[in-house]
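Here it is: the structure, laid out below.
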Amino acid sequence: MKKLLTACLIAALPLTSVAAAPADPLAPTARWSAYTAGRAATPPMGWSTWNAFATDIDEDKIIGSAQQIIDLGLAAKGYRYINIDDGWVLKRRMPDGQMILRADKFPSARAGGDTPTFKPFTDRLHAMGLKAGIYSDLGRNTCSEAWSETDTDLPKGNVLEREAGLYGHIDQDIALYFAEWGFDFIKVDGCGLRDYGPQNPHVLSGKFRATGPYLDSGAVTRTDIPAIQEMFRHINLALARNNPDGDYILSLCIWGAANVRTWGKDYGAISRTSDDISPAWGRLLVNYDSSVTRSLYAHPGSWNDPDMLHIGAGDFDANHLTEARSHFALWAMLNAPLMIGTDLRKAPKALLDIFGNADIIALDQDPAGNQATLAHDSSDVQILVKTLASGDKAVAIFNRSSGGYDVDLSASHLKFSDTAPIELTDLWTKERTSFTRRTRLHVAPRETLIFRAHGTRSLPSGYYLSEQPGSVNPAVDGTVRPQVDPTIFRTAAGWAGTGGAGDRPTYAGWGGARADSAPYGQTLHIAGKPFAAGIGALANSRLEVRNKQATRFTTMVGVDDTATDKTRPVTFAVYGDGKLLVTSAPLKWGMPALPLSAPVAGVKLIELVARSTGADNERLPVTWGEAALLER
Ligand code: GLA
C-alpha cells in the first residue's frame, strides 16, 4: 500500500528542476543543481512564535512582537519574517477539506465569516513592511498533536477534522496559504510521518490514522528517503505554481533525519540539521555541531538550519550573556536563519543589543554566502573562519568548555600572509587591534570571540575553493549508504531526558564532502603530503563550482591517505560548462599528488569529478588539494 501510494504520487508529478537523478550521476550537467527557488539569497531573518509561546499563540502576541521588530529598529536590520508555528489550526472542514484557523485567537480572521481567513493578518504584516510565515506538516497531523500534554490549543473534531497536515492536501493547502491568504514562508514539519506509526497508542486507539512513509529519526536505515523527497518535490511544485513572483520560502523541518543533512540543500531554502534546540548549553552544542561541518552544503538559496534562536530563555537569558552572545555569534558564522524566539514585548535591552548587533548580522547576511569552516577543531575549542564578499574574513573563537583557554590565532588560520599585519575588529566591543603571524587571546568558558579580520591574502591571485563553500556544491558527494555522524555532541539534556539510554548517534551525513578536511575529519594528505587547503570528498563524487571571474583552476589531486581501499584507482576530471578541460591518469592510494590546471576564463560552472569503479566509496576518500580559482 505504501509503495503504491508513493508510485501514484510520483506519477502525478510533472517534471521539475528538482529532477530525478540522471543515469550517470557523475556526468557533467553544466548546471548548478542546489536549490535556488524562493527568496533566500541570504539566510532568512525574523521572529517565530514557537520558542516563546509554543501553541499558546494569538494575534496580539504576534502583532505585538512584529510591532516591536519595527519599533526597536530590528526590521531595518533585516528581521522581516514573522512566522506562526504550530497551534493555529482549529480543524480541517469536511467534506471540502478547507483548513479552518482558530478565529478565537485571530480576531481579524472573522472577516471571512464561516470560513475564517488569515488575509487581514498577512495584509497587516505586509503593510508593516514585513513577511508572514505559516506552519504545516508532511503527514496528516502536526507535532503538537503528538506531543502536547493538554489539548487546549490542538485541532478539534473527528479523526479527519483533526488532520491539519499537508498529507493528501498539498495542492489545496499550499494554494490556500499562499495564493489566498498571502503567506510568504512555510515551515513543513515531519512529526506527521514520525509519530503516527501503526503501533502508536493513539493510532491504536483510533484517535489518529497511521501515516507513512515512516520517518524514523532514530535510525536512517529505517526511513524511506526517496518517498520523503518526493513529498518535498510535490510541495515545491505547488509553491512555484501559487507564487508566480517567486516570493516564498520553504523551510524543511525533519531535524537531520532521513539523511536530510545531505540532500536538504536540493529541496528547500532552509533545512533543519538536528532536533529542536532548547535553552540548554548541551542542546546548543548538538545543534551547532550538526551544521558546523556542513559548510559545503549551504549556499545562497539553500541554508543549513540549526534551529531558531533561543536567546532570552534558560542558559541564554539576560543572566547568561556570555552564552547568549555565543549563540548569536555562532549562528551568524553558520549562515543560519536568524529567527528570534523570545517575546520581544518583554525582552531586556541587553538581549536586544545582541539581536541588533549589525556587524554580526552582516556576517550572516554577507552576499558571498560562505558558511564558516573549521580552521581549528578540537573538542573544547574551535576556530571558525568565513570569507566575506569583500575579501575580509570573519573569525570566531569558540570555547565550548567550562574552563578558560589561551588560544593562539595565527595568520594561517585565516589564510592570510604571516608577514603582513592583520587588523582585528572585535564585533562586540568594536575595539581594533593588530598582529603579525600570531596572537594569543583569552577565551572565557562558553565565550565566543568574534572579529572581522583584514589582512593580506596568502594566495594573492585568487581563492581556495575551501574559502568559498557557498560557491561549491557537492551535487554527488559519494556517500551511498547513509551513516551516522559520530562527531555531533550528544547531550544529557536530550529530549528523552536522563531516564532512557541517552542520545545516540542518529544524524546521518558521515563521510560527506568537507572544506579543509578529509571526509572523516582528518587533515588532507596525499602520499604523506599535507594540504592545509582543499576539498575532501569520497570517490565517485561530483562537485559543482560557480565561477565569476577566475581565469584558471589549479589543484593537486590524489587518493587521500585516509583511504582504506589501497587498490582501486580514481580518475580526476575537470569540466567547464559541461566540456572536459583536463583529466588525470588513474591514481591509487600512495601515489603522489598530481597537479592539474585548466583554463576557465568565461566558464560559469566548473565540475570536479572523481570517478572510480565499484560503489564502495566510503573506503576511498579523495583530495582536491589546494584547489583554487585564480584571477591572474
Ligand atoms: C517540531 C519542530 C519545532 C516546532 C514544533 C511544533 O518539534 O521541530 O521547531 O515547530 O514541532 O510542534
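Residue-wise test of (1) at pLDDT below 95; (2) basic (Lys, Arg).
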site	(1), (2)
Thr16	yes, no
Ala19	yes, no
Ala37	no, no
Pro44	no, no
Leu74	no, no
Leu90	no, no
Arg110	no, yes
Phe121	no, no
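OK, next. Among the residues of region 186-199, how many are in contact (Cβ under 8 Å) with a residue 12 or more places away in the chain and more than 16 Å from the ligand (Cβ to nearest atom)?
Residues flagged as in contact (Cβ under 8 Å) with a residue 12 or more places away in the chain and more than 16 Å from the ligand (Cβ to nearest atom) within region 186-199 amount to 2.
Scan Ala368, Ala362, Ala358, Ala375 and give me the residue that is open to solvent by 20 Å² or more (accessible area, probe 1.4 Å), free of Cβ contacts under 8 Å to residues at least 12 places away in the same chain and more than 16 Å from the ligand (Cβ to nearest atom). Full working, then the answer.
Working: Ala368 fails: free of Cβ contacts under 8 Å to residues at least 12 places away in the same chain; Ala358 fails: free of Cβ contacts under 8 Å to residues at least 12 places away in the same chain; Ala375 fails: free of Cβ contacts under 8 Å to residues at least 12 places away in the same chain.
Just one listed residue meets the conditions, Ala362.
Restricting to region 586-615, what's the tally of residues that are in contact (Cβ under 8 Å) with a residue 60 or more places away in the chain and not basic (Lys, Arg)?
12
Given the structure, is Gly602 surrounded by 22 or more Cβ atoms within 10 Å (Cβ to Cβ) and of a type in the set (Gly, Ala, Ser)?
Criteria not met by Gly602.
For region 62-89, which positions are within 16 Å of the ligand (Cβ to nearest atom) and either aliphatic (A, V, I, L, M) or touching a helix residue (DSSP H, G or I) at 6+ places or on another chain (Cβ under 7 Å) (or both)? Give the derivation first.
Looking only at region 62-89, we keep the residues that are within 16 Å of the ligand (Cβ to nearest atom), and these are 62, 81-89.
Across region 62-89, the qualifying residues are Ile62, Ile82, Ile84, Asp85, Asp86, Gly87, Val89.
Scan region 428-443 and report the pairs whose first residue is open to solvent by 90 Å² or more (accessible area, probe 1.4 Å) and whose second residue is not aromatic (Phe, Trp, Tyr), with Cβ atoms within less than 6 Å and a gap of 6+ or a chain change.
Arg432/Thr425; Arg437/Ala411; Arg437/Asp418; Arg438/Asp408; Arg438/Ser410; Arg440/Asp406; Arg440/Asp408; His442/Asp406
Looking at this structure, is Ala318 modelled with pLDDT of 95 or more, closer than 23 Å to Ala75 by Cβ, over 11 Å from the mean Cα position of the chain (by Cα) and away from the ligand (no atom under 16 Å from the Cβ)? Before you say what the answer is, go through the steps one by one.
On the way: modelled with pLDDT of 95 or more: yes; closer than 23 Å to Ala75 by Cβ: yes; over 11 Å from the mean Cα position of the chain (by Cα): yes; away from the ligand (no atom under 16 Å from the Cβ): yes.
The answer is yes for Ala318.
I'd like to verify a number: residues in region 189-224 that are closer than 15 Å to Val260 by Cβ and more than 30 Å from the chain's Cα centre (by Cα), how many?
Residues that pass the stated criteria total 0.
Further question: Out of region 274-311, which residues are away from the ligand (no atom under 16 Å from the Cβ), open to solvent by less than 10 Å² (accessible area, probe 1.4 Å) and small (Gly, Ala, Ser)?
Ser295, Ala298, Gly301, Ser302 - these are the residues of region 274-311 that are away from the ligand (no atom under 16 Å from the Cβ), open to solvent by less than 10 Å² (accessible area, probe 1.4 Å) and small (Gly, Ala, Ser).
Yes or no: region 48-56 includes at least one residue that is modelled with pLDDT of 95 or more, under 15 Å from Ala132 (Cα atoms), open to solvent by less than 10 Å² (accessible area, probe 1.4 Å) and within 16 Å of the ligand (Cβ to nearest atom).
Checking region 48-56: at least one residue is modelled with pLDDT of 95 or more, under 15 Å from Ala132 (Cα atoms), open to solvent by less than 10 Å² (accessible area, probe 1.4 Å) and within 16 Å of the ligand (Cβ to nearest atom).
In region 24-47, which residues are open to solvent by 50 Å² or more (accessible area, probe 1.4 Å), closer than 19 Å to Asn370 by Cβ and either hydrophobic (A, V, I, L, M, F, W, C) or without any contact (Cβ under 8 Å) to a residue 24 or more places away in the chain (or both)?
Ala41
Kindly state which helices (runs of 4 or more DSSP H) lie completely within region 39-147 and contain at least 1 residues that are β-branched (Val, Ile, Thr).
Helices (runs of 4 or more DSSP H) meeting the threshold: 59-71, 119-127.
Also, quick follow-up: Based on this model, can you work out whether Gln98 counts as under 25 Å from Asp364 (Cβ atoms) and open to solvent by 10 Å² or more (accessible area, probe 1.4 Å)?
no
The values are calculated or read from the model by the stated rules, or taken from the named source; none is laboratory data. Quick caveat: nothing in here was measured; it's all calculated off a predicted structure. Quick reminder, even Gly has a Cβ in these numbers, built from the backbone with ideal geometry, and neighbours come from all protein chains shown. What goes into the accessible areas is simple: the full protein's heavy atoms, side chains included, and nothing from ligands, DNA or RNA. Shrake-Rupley method; radii C 1.70, N 1.55, O 1.52, S 1.80 Å.
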